[in-house]
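Take a look at the structure below.
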Amino acid sequence: MIGRRPTIELQAAESPTVKERIATAKQAEREGRWSDACVVYERLVRDPEANAHTRLAALRWLGRAYLEQGNRSAAFDVLEAAVAAADVTGSPASVAQALNVVGIVYQMGGDLDQAATIYAAARAKAEIASDGSLIAMIDQNVGTVAMIRGDLRGALEAFRLSQLGYQALGMRNHEAQVLNNIGLAYMELGEFAAAEDAYAEAARAFAEEGDRARQLDLAANQVQLYIASKRYDEALVQSEQLLDVSTDDVPPWRGDVFRHIGVIARERAQFDKAAEYLGKAEQHAIETGDLLLKADVAEQQAELYWGQKRHREMLQSLNEAHALYSQLKANHRLAHVEKRNGALESRFVEIAAQWGNSIESKDRYTQGHCERVAFFACVLADSAGFNARSLFWFRIGALLHDIGKIIVPTEVLNKPGKLTPEEWEVMKRHPEAGLELVSDIDFPGDIRAIIRNHHERWDGTGYPDGLVGEKIPFAARILCVADVYDALTTTRSYRPGLTHLRAAEIMRSSPGQFDPELLDMFLAWAETADIPGRSTPQRLAIFAGGVLS
């Protein structure tokens with residue numbers, strides 16, 4: 001979706017041999033044979049027969065060819081040399097052309113802020129040089145940045161400017177590349193008919209120009225359109241045709257096609273096939289260093305596990321996707337990641353609550369316990385100064401704090417009387433068992449400490465580690481207060497739920513159990529809080545919604 005093909009800069013004074021080499025390299029580009037193009041450009045850079053302008057152009061072309069092969073490091077090195085050489089010549093057009101490709105390197109690496117800055121500098125130089133084709137190309141790249149950031153209308157505006165520029169110059173192939181981007185923007189907006197029209201016009205132009213590489217790029221985008229409009233048969237046929245295409249280099253869309261096939265299979269409940277192709281897409285993302293594709297694949301894998309009710313694997317994949325999206329977001333790279341992170345976080349909460357509830361279903365006296373504890377704990381954590389991001393992960397840990405009870409027999413969980421020493425030993429194993437269940441999920445924050453240490457006591461007589469005072473993780477101390485308060489105020493088989501006043505009295509009379517400052521803070525809130533209806537979904541939404549902004 002990036003306008004990366006610069007105008008061929010054949011110098012009139014060049015020898016027929018040099019012109020032939022340039023034509024050979026450009027033909028290799030059109031056919032997607034980027035390694036062959038690199039060989040020619042490397043020769044041109046050192047060719048004493050070529051003039052200085054051609055050698056400089058060959059540096060830019062070489063950088064772009066490296067980029068197409070996924071070798072960003074080599075591309076950047078070559079393009080830095082091209083910018084420096086162009087600056088020495090004093091040619092605004094040459095500097096603009098080199099800067100434009102440098103911007104593409106940053107863009108493909110996900111650093112959109114830096115890419116936008118460089119594009120602005122390149123456009124200013126292109127305007128000084130009155131280079132209409134270069135201005136149109138930079139406008140196209142600016143539109144791509146806007147699109148990745150989620151500003152689809154801004155992207156369309158930039159793409160239309162680019163299209164008009166290419167139309168005025170009669171550059172049909174370049175106009176088709178912009179139409180490809182316009183189709184993508186309309187698809188993201190859900191305007192499928194407009195997207196299909198743009199793709200159809202672009203396809204005609206690429207066919208006229210014999211640009212096989214761009215035809216394949218376009219075909220990969222069309223697959224995405226078919227999936228978005230639930231035309232799975234067409235999407236699958238076109239995906240399989242793309243994978244049958246023989247090219248010397250690995251095409252950049254190959255990983256996306258694997259992902260598309262995986263998504264189609266998942267939607268058709270063909271779970272083994274979905275796992276196979278999403279795995280291939282993940283491997284492609286790893287090999288090419290494509291973080292965005294890797295995040296997309298992890299998110300799709302999470303949806304696959306959701307459909308199969310494989311909770312632990314889903315949490316693992318969600319966590320990976322969330323971490324990758326957050327990495328991009330933290331560097332101000334993808335504004336639309338905010339929306340996707342919000343959706344992921346909502347799903348995180350949903351699956352954590354569902355998993356916790358599945359354990360509670362064994363215990364008829366603790367229905368809703370995890371969500372109530374999560375609410376009470378988040379109130380206390382908020383009062384203790386947790387920020388929104390910390391609160392989100394804290395709530396996940398609170399929802400999962402009793403997940404280890406899956407190992408406790410139902411008859412022990414539901415026993416109305418006192419547990420035997422043997423039964424108590426089984427019960428005391430649940431924090432460690434819970435930690436084992438999430439051991440392969442790389443959770444941030446204090447989730448592991450919450451699961452393992454929420455039964456520790458301030459005086460060191462708790463379990464499983466017998467930690468004392470401030471050696472108990474702060475999050476686990478918060479959870480302990482909330483957990484005991486809910487246990488006291490909830491009806492059990494052997495007693496009705498206690499009032500707040502009675503629960504507070506009991507908790508204050510057990511100074512060896514709680515962090516005294518946290519206990520005072522929580523009971524002061526609970527004394528004036530409207531808790532008769534407990535933690536309703538609306539109450540819980542305070543914390544679910546508050547962390548998504």
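For the chain, a crude dipole built from +1 on the beta carbon of Lys and Arg and -1 on the beta carbon of Asp and Glu, taken about the Cα centre, is about 780 debye to the nearest 20.
Mean projected area of the Cα convex hull of the chain, taken over all directions, amounts to 29.6 nm². Using the alpha-carbon atoms, what tilt in degrees (0 to 90, nearest 10) does helix 311-330 show relative to the longest principal axis of the chain? For helix 311-330, the angle is close to 50 degrees.
Close amide H pairs (under 5 Å, H built 1.01 Å from N) link Ser510 with no residue at least 5 positions away or on another chain.
About its Cα centre, segment 368-546 has a charge dipole of approximately 420 debye under the convention of +1 per Lys or Arg Cβ and -1 per Asp or Glu Cβ, with nothing else charged. Taking label points 7 Å from Cα along the Cα-to-Cβ direction, Glu411 and Glu42 give a separation of 7.4 nm. The Rg/Rh ratio of segment 368-546, with both radii computed over alpha carbons and Rh defined as the Kirkwood radius, is 0.94.
Angle of helix 16-30 to the longest C-alpha principal axis of the chain, folded into 0 to 90 degrees and rounded to 10: 30°.
Would you be so kind as to identify which of Ala398, Gly497, Leu435 lies farthest towards the positive end of the dipole of the chain, taking Lys and Arg as +1 and Asp and Glu as -1 on Cβ and the Cα centre as origin? Checked the options; the winner is Gly497. Computed from Cα atoms, the angle from the helix 212-228 axis to the main principal axis of the chain rounds to 30 degrees.
Stretched out fully, how many nm does the piece from Trp424 to Arg508 gain, at 0.36 nm a residue minus the Cα gap?
My answer for the length gained is 27.7 nm.
Take every pair of alpha-carbon atoms less than 8 Å apart whose residues are at least six positions apart; their mean separation over the length of the chain yields a relative contact order of 9 percent. In segment 1-157, taking the dipole from charged Cβ atoms about the Cα centre, the farthest positive-side position among Ala28, Ser130, Trp61 is held by Ala28.
Quick note: the coordinates plus some simple rules give every number you see, no bench work behind them. In this text, all values refer to a predicted model and were calculated from it rather than measured experimentally. Methodologically, a virtual Cβ is constructed for each residue, glycine included, from the backbone with ideal geometry; neighbour enumeration extends over all protein chains shown.
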